[in-house]
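Values quoted throughout were computed directly from the atomic coordinates according to the rules given, and no laboratory measurement underlies them. Please read all numbers here as calculations on a predicted model, not as lab measurements. So basically every Cβ, Gly included, is an ideal-geometry build from the backbone, and we count neighbours across all protein chains shown.
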Amino acid sequence: MVFLNILIIVFLIVCAIAIGKIKDLIGAVILFSAYSLMMSVLWLILKSPDVAITEAAIGAGVTAILFFAVISKTKRYEK
């Protein structure tokens, strides 16, 4: 169980750093969704299911949908 906790924390740290450094907006939204989903798993491991459900619904679900809706309204220029 300790190994799983360390693995989740390392994933969250790497994901947070990658979100800050990535140049592609869609990639950042996908990483942010993965980060939010993993945060909900972490809250579940910490035995706080109410926060886990809220994080999964708002963090990974609604926020990702809103980000993708806004991105679909913008124009992307490929190099």
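Long hydrophobic helices in the chain, taken as whole DSSP H segments with a C-alpha length of 27 Å or more on their own axis and mean Kyte-Doolittle hydropathy at least -1.0: 2-21, 25-45.
Between Phe3 and Val70, the FRET efficiency from the beta-carbon distance, with R0 = 30 Å, is close to 0.20. Between Leu25 and Asp50, the simple spin-label model (points 7 angstrom out along Cα→Cβ) gives 3.7 nm. Along the charge dipole of the chain, which of Leu4, Ile19, Ile53 sits closest to the positive end, that is, farthest toward it, with unit charges on the beta carbon of Lys, Arg, Asp and Glu (+1, +1, -1, -1)? The residue sitting farthest along the positive end of the dipole is Ile19. Residue separation of Val41 and Ala16 scaled by 0.36 nm, minus their Cα-Cα distance, works out to 7.4 nm of gained length. Rounded, prolate or oblate, given the Cα gyration tensor of segment 2-72, with a/c below 1.5 counting as rounded? Here segment 2-72 falls in the oblate category.
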